[in-house]
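The values are calculated or read from the model by the stated rules, or taken from the named source; none is laboratory data. Not measured: the values here are computed from a predicted model. Every residue, glycine as well, gets a Cβ built from its backbone with ideal geometry; the counts of neighbours run over all protein chains shown.
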Ligand code: UDP
């Protein structure tokens, strides 16, 4: 019997949506299923009285990949939002990423020259570390003691639920370091939030595609597989293979949303709380992503949490042990030529949104001709 669809796509997040868009354009018939009641995966926003609430954590699109930027801009216009988070440490606010504003407040220095001298003095004790073996070594080598102990150690250990010496160094490499008064958190060429929110982007990508909601692939896997020639799976790779090589670890998150009858709570979209004794890692004030002028506001406290199978897997824990397990699953997946994998969960990778779009476009180029 011939399958009814060319592709069954499990999940409707960004990776899945980009692939589905191109597949449809090439005349392929796709069926998408999602266990949630909405599309978009974790970039989904809930519109609450005209404020787009980032329900699964703040998402800020940034990229230096022109192809990716042009691709997403062909569906929705992006606003001029620039992420410039603050760090609250012992009730004092400092600018992030670490830049001249931070150094001025922390050390009372006024020029790049003075800041560099101070930083060199701080880093000197760690100059012998050639290849940092963990996040602590990486951070001390990069920033020295003052910055590490005020802004990094406690925040990181709270966020990841483990000691900084047990975390991979690459996590901290995400944070830029500069000697100008530039509070832009990202170094990328392009940045912004879709005007009208992320749902607009996803809706545009998925226009005309058949989607079944509240549908769990694992409840009728063989039935779903029969429907299509190929399966693109964007869920957890370890679950796909019945945890044969063990469970992959994730970091969970817990969000506490609150509506306040004041116009402005913190004057900024993101404020980090860097002390361990504050239980949340950051407070997001959603209206600032889109320059909202509403007379009220909605904030979200983001708490790190242990991941258990009944909550959402947010961050892959890409340490040596987990990466080894992932590679076994990846190898196993190769034996099924009708199975395609993609996205943060199936590739077990700390993807930003632009990485996700890029990875999906790469799959499109491999799998579908003529784009
Ligand atoms: N980080 C930190 N202090 C901060 C912000 C970030 O130590 O104030 C570290 C922390 O280890 C975190 C990593 O940098 O996991 C990456 O942070 P980012 O905010 O880029 O990650 P996100 O959670 O937004 O993906």
| task | Look through 175, 147 and report the one residue that is touching a strand residue (DSSP E or B) at 6+ places or on another chain (Cβ under 9 Å), within 11 Å of the ligand (Cβ to nearest atom), closer than 28 Å to residue 81 by Cα and at pLDDT 95 or above. | result | 147
| task | Could you pull out the residue among 201, 167, 205 that is crowded, with 19+ Cβ neighbours inside 10 Å, over 21 Å from residue 57 (Cα atoms) and away from the ligand (no atom under 12 Å from the Cβ)? | result | 205
| field | Only one of 212, 226, 293, 277 that is closer than 30 Å to residue 148 by Cα, more than 23 Å from the chain's Cα centre (by Cα), at pLDDT 95 or above and surrounded by fewer than 20 Cβ atoms within 10 Å (Cβ to Cβ) | value | 277
| message | Take the conditions more than 23 Å from residue 329 (Cα to Cα) and modelled with pLDDT of 95 or more and apply them to residue 220. Does it pass? | response | no
| task | May I ask you to verify whether residue 152 is assigned to a helix (DSSP H, G or I), within 16 Å of the ligand (Cβ to nearest atom), closer than 21 Å to residue 272 by Cβ and modelled with pLDDT of 95 or more? | result | yes
| field | The one condition in (1) farther than 30 Å from residue 68 by Cα; (2) at pLDDT 95 or above that residue 133 fails to fulfil | value | (2)
| message | Based on this model, can you work out whether residue 183 counts as in contact with a helix residue (DSSP H, G or I) (Cβ under 7 Å, 6 or more places away or on another chain), in a loop (DSSP other than H, G, I, E, B) and under 28 Å from residue 92 (Cα atoms)? | response | yes
